[in-house]
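Novice: Mind having a look at this structure? Questions to follow.
The values are calculated or read from the model by the stated rules, or taken from the named source; none is laboratory data. Note that this is a predicted model, so its numbers are computed, not measured. Using ideal geometry, Cβ is built from the backbone for each residue, glycine included, and neighbour counts are taken over all protein chains shown. These area figures cover heavy atoms from the full protein model, side chains too; ligands, DNA and RNA do not enter into them. Shrake-Rupley method; radii C 1.70, N 1.55, O 1.52, S 1.80 Å.
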Amino acid sequence: MKKKMIALTMAALMAASLTACGGGAKETTAATTAADTTAADTADTTAAENAETSAEAAETEAAGGVLVMATNAEFPPYEYHDGGEIVGIDAEIAKAIAGELGMELEIEDIAFDSIIPEITSGKADMGLAGMTVTEDRKQSVDFSDTYAKASQKVIVKEDSEIASPDDLAGKIVGVQLGTTGDIYVSDLEADGTTVERYNKGFEAVQALSQGKIDAVVIDGEPAKTFVAQTEGLKILEESFTDEEYAIAVKKGNTELLDKINGALKTLKENGTLDEIVAKYIKAE
C-alpha cells in the first residue's frame with residue numbers, strides 16, 4: 001500500500017512537471033512572435049522613412065544644383081573682371097536664369113575658342129560670351145532664343161584712310177581669336193587681307209594703337225569701351241556685320257534648352273532683361 005501511494009505521488013509530480021514545461025514553451029513562442037512582429041514593423045517603418053528621405057533628397061537635387069556657365073571675361077560690357085568678380089550683361093543674365101531655375105550659378109573664365117568644346121564635353125552647361133548664332137556653330141551646339149542684338153564694328157586710328165569695311169581689303173586687321181569678327185574677317189583673306197589674331201580684344205586694340213595693324217573688327221559695345229579708354233582711335237559708322245546673341249548649350253540637350261528659353265521669356269516679360277542691359281549700356 002505504501003509503495004502504491006508513492007507511485008501515485010510520483011505520477012502526479014511528473015504530470016505537473018510536464019504541464020509546467022508545456023506552459024513555458026507556449027509563453028516563449030508567443031514572446032518570440034511578438035518580438036519578431038515588432039522588429040518587422042520597425043524595419044518596415046525605417047525603410048519607408050528612408051525611401052521618403054531619398055525621394056525628398058532627389059526632389060531637392062532636381063530643383064537645385066549648380067548651373068555652370070563658360071565665358072571669356074575679356075568682353076566688356078558683356079563680361080569682364082571687376083576686382084575678383086566676373087560681371088557684365090551676360091553674367092547677370094546667367095545669374096537671373098539660374099535664379100529662375102532654382103539653381104546656383106558657377107562661372108568658368110576660359111579662352112573664347114574653348115567655350116564650345118567645354119560645352120560639348122559636358123564640363124559646362126551653357127555658354128554666354130556675346131556669342132553670335134552662326135550656321136557653323138550650330139553644327140556643334142544648340143542655341144537659345146536671342147537675348148541681344150549686336151554688330152561688328154571697325155576700329156581705326158583717327159587719321160586712318162580706312163573709311164568703310166570695303167577698305168579693309170589688303171590691310172592688316174586685328175581680331176579676337178575665335179570670335180565672330182575672326183570668322184567674318186577671315187573671308188577677306190582671299191582679297192589679300194592679313195588677319196592678326198589675339199587672345200584678348202584689348203590686345204588687338206593695343207596693337208592698333210601702336211601702329212602694328214591697320215584696324216580692329218570687334219563687337220560694337222566692347223568697341224565703344226576700348227575706344228573710350230584709348231586715345232587716337234575711332235569707330236567707323238558703317239557696321240561690318242549685324243548679328244544676334246544667344247546662349248549655347250550641348251547639342252540635343254532639349255530639357256535644359258527649354259528651361260533656359262522659359263527663363264528668358266520670363267525675364268523679357270517682367271522687364272529684368274531690359275534692366276540688366278540698361279545698367280551697362282546707356283542710351284545715347
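Novice: Test D113 against the criterion of being farther than 18 Å from L177 by Cα and either acidic (D, E) or modelled with pLDDT under 95 (or both), and give yes or no. Lay out the reasoning, then the answer.
Specialist: Numbers: farther than 18 Å from L177 by Cα: no; either acidic (D, E) or modelled with pLDDT under 95 (or both): yes.
No: the conditions fail for D113.
Novice: Please work out if V175 is farther than 30 Å from I97 by Cβ and crowded, with 16+ Cβ neighbours inside 10 Å. Even if it seems obvious, please write down each step before you answer.
Specialist: Working: farther than 30 Å from I97 by Cβ: no; crowded, with 16+ Cβ neighbours inside 10 Å: yes.
When the stated conditions are applied, V175 does not pass them.
Novice: Does the stretch 227-238 hold any residues that are open to solvent by 70 Å² or more (accessible area, probe 1.4 Å) and of a type outside the set (K, R), and which are they? I'd like the intermediate steps shown before the answer.
Specialist: Of the residues in the stretch 227-238, the ones open to solvent by 70 Å² or more (accessible area, probe 1.4 Å) are 228-229, 231, 234, 237-238.
Within the stretch 227-238, A228, Q229, E231, E237, E238 qualify.
Novice: Considering every residue within the stretch 120-140, establish whether at least one is among the hydroxyl-bearing types (S, T, Y), without any contact (Cβ under 8 Å) to a residue 24 or more places away in the chain, farther than 21 Å from S209 by Cβ and surrounded by fewer than 17 Cβ atoms within 10 Å (Cβ to Cβ). Spell out how you get there, then give the answer.
Specialist: Just the residues of the stretch 120-140 that are among the hydroxyl-bearing types (S, T, Y), to begin with: 120-121, 132, 134, 140.
Remaining after also requiring without any contact (Cβ under 8 Å) to a residue 24 or more places away in the chain: 121.
Remaining after also requiring farther than 21 Å from S209 by Cβ: 121.
Imposing the further condition that a residue be surrounded by fewer than 17 Cβ atoms within 10 Å (Cβ to Cβ) reduces the set to 121.
Yes, the stretch 120-140 contains at least one residue that is among the hydroxyl-bearing types (S, T, Y), without any contact (Cβ under 8 Å) to a residue 24 or more places away in the chain, farther than 21 Å from S209 by Cβ and surrounded by fewer than 17 Cβ atoms within 10 Å (Cβ to Cβ).
Novice: To continue, here is another question. So D187 passes all but one of these: (1) touching a helix residue (DSSP H, G or I) at 6+ places or on another chain (Cβ under 9 Å); (2) farther than 30 Å from L257 by Cα; (3) at pLDDT below 95. Which condition number does it fail?
Specialist: Status for D187: all satisfied but (1).
Novice: So, in the stretch 75-95, of the ones that are small (G, A, S) and either open to solvent by 50 Å² or more (accessible area, probe 1.4 Å) or in the same structural domain as A223 (by the TED database) (or both), which residue ends up farthest from F226 (Cα to Cα)? Please lay out each step first, then the result.
Specialist: Let us first name the residues in the stretch 75-95 that are small (G, A, S), namely 83-84, 88, 91, 94.
In the following step, the residues that additionally are either open to solvent by 50 Å² or more (accessible area, probe 1.4 Å) or in the same structural domain as A223 (by the TED database) (or both) were identified as 83-84.
Values: G83: 18, G84: 21 Å.
Looking at the filtered set, the residue picked out is G84.
Novice: I need a count of the residues in the stretch 244-268 that are surrounded by 16 or more Cβ atoms within 10 Å (Cβ to Cβ) and either of a type in the set (G, A, S) or at positive phi (or both).
Specialist: 3
Novice: Name, by its number, the condition in (1) at pLDDT below 95; (2) of a type in the set (S, T, N, Q); (3) open to solvent by 80 Å² or more (accessible area, probe 1.4 Å) that does not hold for T241.
Specialist: T241 satisfies every listed condition except (3).
Novice: I would also like to ask the following. From T241, T254, which residue is among the polar types (S, T, N, Q), touching a Ser or Thr at 6+ places or on another chain (Cβ under 8 Å) and under 26 Å from Y147 (Cβ atoms)?
Specialist: Values: T254 fails: touching a Ser or Thr at 6+ places or on another chain (Cβ under 8 Å).
Going through T241, T254 in turn, just one is among the polar types (S, T, N, Q), touching a Ser or Thr at 6+ places or on another chain (Cβ under 8 Å) and under 26 Å from Y147 (Cβ atoms): T241.
Novice: Oh, and also: So, in the stretch 190-226, of the ones that are of a type in the set (D, E, K, R) and open to solvent by 50 Å² or more (accessible area, probe 1.4 Å), which residue ends up modelled with the lowest pLDDT?
Specialist: Filtering the stretch 190-226 down to residues of a type in the set (D, E, K, R) leaves 191, 196-197, 200, 203, 212, 214, 219, 221, 224.
Next, only the ones that are open to solvent by 50 Å² or more (accessible area, probe 1.4 Å) stay: 191, 196-197, 200, 203, 212, 214, 224.
Details: D191: 89, E196: 97, R197: 97, K200: 92, E203: 96, K212: 97, D214: 98, K224: 93.
By that ranking, first place goes to D191.
Novice: Please count how many residues of the stretch 145-169 are open to solvent by less than 10 Å² (accessible area, probe 1.4 Å) and either assigned to a loop (DSSP other than H, G, I, E, B) or under 18 Å from T225 (Cα atoms) (or both).
Specialist: To start, the set of residues in the stretch 145-169 that are open to solvent by less than 10 Å² (accessible area, probe 1.4 Å) comprises 152, 154-156, 162, 168.
From what is left, the residues that are either assigned to a loop (DSSP other than H, G, I, E, B) or under 18 Å from T225 (Cα atoms) (or both) are 152, 154-156, 162.
The number of residues fulfilling the criteria is 5.
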